[in-house]
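The values are calculated or read from the model by the stated rules, or taken from the named source; none is laboratory data. Note that this is a predicted model, so its numbers are computed, not measured. So basically every Cβ, Gly included, is an ideal-geometry build from the backbone, and we count neighbours across all protein chains shown.
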């Protein structure tokens, strides 16, 4: 099966930076996705990495190292609305997505 | 407004009953998926369909069935509901298996 690990919870202050790590061991690799999910709502797509390196999209950046089975999502200039769960998902060799359990980020004033 | 629609929003069901969760998308996406989300376990794939007329099993398919008669609709059926199927069910779609998935708002299902 697939094994995707990310921290359960993180807390940070408004305006700060938070880095959410994700490590994975999967049967094949065809890309890594990050999703944001506010409580009681549907997950929404944030970023996609298939090659090594950093992808930047506004306040959010995502990094991938395929050789290390490692990714992180970097949230900069945190805002209260960024309080949510962040889901790491890996697309395996059969093009199916496997999700980590999610990291709940709480932003405090 | 283009998107993906799930029905019902929530349901309480007696164990042993049959239940079909509906999912419709109007984005002409080829691929569709059903997940369940449980606390501490994240999203787990139940069934998927890469194109109309085909379906496949995901990580937790037992007790569930799906059909994909056309591009837009992908219903999920619980033939005989059991309490362990209490969960939040999300339907998702993507243009193809290479593209990001878009999720519906979910169905909260409680089996008593």
*Go through region B:18-35 and give me each residue that's surrounded by 13 or more Cβ atoms within 10 Å (Cβ to Cβ) and either part of a loop (DSSP other than H, G, I, E, B) or at positive phi (or both).*
B:26, B:27, B:29, B:30
*Got a sec? Which of B:52, B:69, B:81, B:92 is at the interface with chain A (Cβ under 9 Å from one of its Cβ atoms), in contact (Cβ under 8 Å) with a residue 12 or more places away in the chain and out of contact with any helix residue (DSSP H, G or I) (no Cβ under 8 Å at 6 or more places or on another chain)?*
B:92
_Would you confirm whether or not region A:21-32 contains a residue that is over 23 Å from residue B:59 (Cβ atoms), exposed (fewer than 14 other Cβ atoms within 10 Å of the Cβ) and touching a strand residue (DSSP E or B) at 6+ places or on another chain (Cβ under 8 Å)?_
no
*Answer yes or no: is there a residue in region A:95-104 that is at pLDDT below 95, more than 20 Å from residue B:106 (Cα to Cα) and within 13 Å of chain B (Cβ to nearest Cβ).*
yes
*In region B:81-103, how many residues are over 14 Å from the mean Cα position of the chain (by Cα) and either surrounded by 14 or more Cβ atoms within 10 Å (Cβ to Cβ) or farther than 26 Å from residue B:53 by Cβ (or both)?*
8
*Of all residues in region B:36-49, count the ones that are more than 8 Å from chain A (Cβ to nearest Cβ) and either assigned to a strand (DSSP E or B) or closer than 17 Å to residue A:90 by Cα (or both).*
6
*strands (runs of 3 or more DSSP E) wholly inside region A:34-98 that include at least 3 residues being under 10 Å from the mean Cα position of the chain (by Cα)*: A:44-49, A:60-65, A:70-75, A:84-91
*Give region A:38-63 a look and list any residue that's loosely packed, with under 13 Cβ neighbours inside 10 Å and at the interface with another protein chain (Cβ under 9 Å from one of its Cβ atoms), or say none.*
A:40
*Pairs only if they're at least six apart or on different chains, beta carbon under 6 angstrom, first in region A:57-75 and more than 21 Å from residue A:14 (Cβ to Cβ), second in a loop (DSSP other than H, G, I, E, B) and at pLDDT 95 or above; list them, first residue then second.*
A:64/A:52; A:65/A:52; A:66/A:52
